[in-house]
Amino acid sequence: MKKGQNAKLNMYLAVQLWVLAKQLVWQGLAAFGIAFTEFQAIVQSILDAKEKQEKALHGYTVEKEKRKGKMASIAERIRSAVQAYATTIGDEVLFAAVNFSESKIMQKNGNTARTWAQIVHDQANGVIANLGTYGVVAGDLTAFQTAIDDFGDYISQPKNTIAEIASATADLKKLFKDADANLKKKLDKLMENFRESAPDFYAQYFIDRKIYNAPTNYTELLATLKNKQTQEVMQGVNLHAVSSEVMYDLKSNALGVVDKKKIKPGAYDLTFSKTGFLPVTMSGVEVGSGKKVELSVELIAV
């Protein structure tokens, strides 16, 4: 749920709590009771949709980390065997080529973690005939590749999760519209019956109707792209940004900057790419409503 929506939901709940507490004041006005019952049902539907949205996202995150952990654990065993073998034959290049520890892989975003694990696999495959005495055989590499593919498939095509999140997001959009309409066109109007007869009830109702902490600034995503080796800014880097609701394809300017103002708030998976460089992917980058997110991204030449 967006921050602005959360602020509005807090307002709804405050209004609901106050009106429930003062039921004796309004219970004689049938139209108010009907409108308030409708409002309560909408608020409950918003809470249900929010829970659905959060459960889908949480479930995806847990499964992703589980698959990444399995891949990283196997990578650690394979890497250790290759580095032990490399040390034995004095091959420092091979030793460095697989120097991606389990902790390093776990700390990186999805595509980078997968890329590093694949490098370990491919380097080990090149010397597999020599790794038997170090505890690694061809079957281990087959299992390793399966773990890499399982993780890669999951992070690239979380179709069910995206569908669930998109469904809940669409529901929330409609429900907030319905709640606002109920307040503005029914409850707010009917509250005029209590301006004189119950001034305290009337005053507190409209105090609770105020939305606090709703961001009003423009939402913005800004990324600065550099060549990791030279530290020069990079023009023409492609940025593919996708959330559960929208997708953007952008390109860095002559200053090496991608600047998307008024971006739709949400959690984005970002992929930065340019011919001749390894792609960089960031998963679940949260762009909050009214917030400016600034990123510094370095691409490695291949």
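The values are calculated or read from the model by the stated rules, or taken from the named source; none is laboratory data. What you are looking at is a predicted structure, and each value in this text was computed from that prediction instead of being measured. All Cβ positions, even for glycine, are placed from backbone atoms using ideal geometry, and neighbour counts span all protein chains on display. Quick note on the areas: whole protein, heavy atoms, side chains included, nothing else; ligands and nucleic acids left out. Shrake-Rupley method; radii C 1.70, N 1.55, O 1.52, S 1.80 Å.
What is the number of the single condition among (1) closer than 30 Å to MET1 by Cα; (2) at pLDDT below 95 that ASP149 does not meet?
Unmet for ASP149, out of (1) closer than 30 Å to MET1 by Cα; (2) at pLDDT below 95: (1).
Which strands (runs of 3 or more DSSP E) does region 189-263 wholly contain that include 3 or more residues that are surrounded by 16 or more Cβ atoms within 10 Å (Cβ to Cβ)?
It comes to 220-227, 238-242, 257-261.
For LEU47, which of the numbered conditions (1) open to solvent by 50 Å² or more (accessible area, probe 1.4 Å); (2) of a type in the set (A, V, I, L, M, F, W, C); (3) modelled with pLDDT of 95 or more fails to hold?
It fails just one condition, (3).
For region 264-275: of the residues being more than 18 Å from VAL287 (Cβ to Cβ) and outside any strand (DSSP E or B), which is most open to solvent (accessible area, probe 1.4 Å)?
This residue is THR275.
Which count do you get for residues in region 3-20 that are under 17 Å from ALA198 (Cβ atoms) and open to solvent by 70 Å² or more (accessible area, probe 1.4 Å)?
2
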